[in-house]
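Peer 1: Can you read through this structure? Questions will come right after.
The values are calculated or read from the model by the stated rules, or taken from the named source; none is laboratory data. Since we're looking at a predicted model, the values are computed, not measured. Every residue, glycine as well, gets a Cβ built from its backbone with ideal geometry; the counts of neighbours run over all protein chains shown.
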Number of protein chains: 2
Amino acid sequence: MLWEVLYLKKTRMTNQRLKILEYLRSVKTHPTAETVYEAVKKTLPTITLATVYRNLNHLAETGEINRLLVRGVSHFDADTSCHQHAVCKECGRIIDLHKNTLIQESLKKIRIPGFKPRTVCIMIHGICDKCEINNKKRKEQRKKKKKTGKKKTKRLLRS
Amino acid sequence: MLWEVLYLKKTRMTNQRLKILEYLRSVKTHPTAETVYEAVKKTLPTITLATVYRNLNHLAETGEINRLLVRGVSHFDADTSCHQHAVCKECGRIIDLHKNTLIQESLKKIRIPGFKPRTVCIMIHGICDKCEINNKKRKEQRKKKKKTGKKKTKRLLRS
DNA sequence: TTCCTAATTAATAATCATTATCATTAACTG
DNA sequence: CAGTTAATGATAATGATTATTAATTAGGAA
């Protein structure tokens, strides 16, 4: 077997699964299934999006990678060390928060009657500097114009 | 105006919005849009699911209610006081965690360069006692039978 | 090495939560 | 009370994710 099996599952290391895992380990971002698909397709042109989803789910279940739900979409992270994330409400940018020892100490002390905690997901929602600057600019422009054409509509994904 | 306006938005308190808010305030669960729809339909039979979604989004944006993403689906909570949630990976049960003062103290101390935190979402994933007992039972049954008919398939929603 | 079997794949259809569109209605402002 | 515009109802569309199925293949056993 080419990797560390965490659970005693009858699991096969396929080329597809390997490439997906290698890709995830090579990046510091938190790609979506779609992004992983686009990347892996370069070396495995016949791979399908469904296969990527299946493997990401499999890898997440065995604990090989982490899933984080951001604005209704799954993002994946091969860094399974304990860390938290900040997400910009405007652009969806994800920021890694390592070394929050204070939080991590608190989390160790959590006890919930009738419940066995496994993983803790901390998501800090806010606004990144870029978006805050953009917002200010837009506000000022709105003051000047007051009435222009239609607004563009786009699908909004909520946090 | 029938309610407290948090933002200076030109907002109208419609019967639909009011009933949705009243329903959310009357329950201690964390209903989905669908559940809210089914409940409110009893007093407003012509209301549509789209209207429920529109209002839940509106109420969440103004801070009147909270949204929590659980296994890919939005749940809503009229209790906006600072508290956290535990979610069972198996059944999706949501447990309120009040009085985690240790965590809350830690959260106040978070500082992220280039980022303005607004809200913090803590989700503890694990397994509730009911599901753990069920899992044990299923395992034992599998040992006895070893081979039966097909498994039922159902759409899985991931955490 | 070769064979066997179940895990996995590619291709594609289906699902389902959520949002967009738009003509119509109704809440608030003056 | 009238004008404006936010909000609604009805419905279609979107998009992320999962199900289905016949064909393939990884990896243990012979």
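Peer 1: Provide a single number: the residues in region B:103-119 that are of a type in the set (D, E, K, R) and at the interface with chain A (Cβ under 7 Å from one of its Cβ atoms).
Peer 2: Here the count works out to 3.
Peer 1: Go through region B:102-115 and give me each residue that's within 26 Å of B:VAL27 (Cβ to Cβ) and of a type in the set (Val, Ile, Thr).
Peer 2: Result: B:ILE103, single match.
Peer 1: Kindly list, by first and then second residue, each pair from a residue in region A:76-102 that is within 12 Å of another protein chain (Cβ to nearest Cβ) to a residue that is in a strand (DSSP E or B) and among the aromatic types (Phe, Trp, Tyr), limited to pairs with Cβ atoms under 8 Å and residues at least 6 apart or on different chains.
Peer 2: A:ALA86/B:PHE115; A:CYS88/B:PHE115; A:ILE95/B:PHE115
Peer 1: In region A:61-90, which residues are surrounded by fewer than 18 Cβ atoms within 10 Å (Cβ to Cβ) and among the small types (Gly, Ala, Ser)?
Peer 2: Those that are surrounded by fewer than 18 Cβ atoms within 10 Å (Cβ to Cβ) and among the small types (Gly, Ala, Ser): A:GLY63, A:GLY72, A:SER81.
Peer 1: Then there is this: Please find, among A:LYS147, A:LYS154, the residue that is more than 11 Å from chain B (Cβ to nearest Cβ), within 16 Å of DNA strand C (Cβ to nearest atom) and modelled with pLDDT under 90.
Peer 2: Selected residue: A:LYS154, the only one of A:LYS147, A:LYS154 that is more than 11 Å from chain B (Cβ to nearest Cβ), within 16 Å of DNA strand C (Cβ to nearest atom) and modelled with pLDDT under 90.
Peer 1: Of all residues in region B:56-113, which are in a strand (DSSP E or B) and under 30 Å from B:ARG12 (Cα atoms)?
Peer 2: Once the filter is applied, which keeps residues that are in a strand (DSSP E or B) and under 30 Å from B:ARG12 (Cα atoms), region B:56-113 yields B:ASN66, B:ARG67, B:LEU68, B:LEU69, B:VAL70, B:VAL73, B:SER74, B:HIS75, B:PHE76, B:ASP77.
Peer 1: Right, here's the next one. For region B:65-90, name all the residues that are within 16 Å of DNA strand D (Cβ to nearest atom) and either modelled with pLDDT of 95 or more or of a type outside the set (D, E, K, R) (or both).
Peer 2: Those that are within 16 Å of DNA strand D (Cβ to nearest atom) and either modelled with pLDDT of 95 or more or of a type outside the set (D, E, K, R) (or both): B:ILE65, B:LEU69, B:VAL70, B:GLY72, B:VAL73, B:SER74, B:PHE76, B:VAL87.
Peer 1: Right, something else. Looking at B:LEU56, B:LEU102, B:LEU69, B:LEU97, can you tell me which residue is over 25 Å from A:ASN66 (Cα atoms) and within 14 Å of the chain's Cα centre (by Cα)?
Peer 2: Just a single option satisfies the conditions, and that option is B:LEU56.
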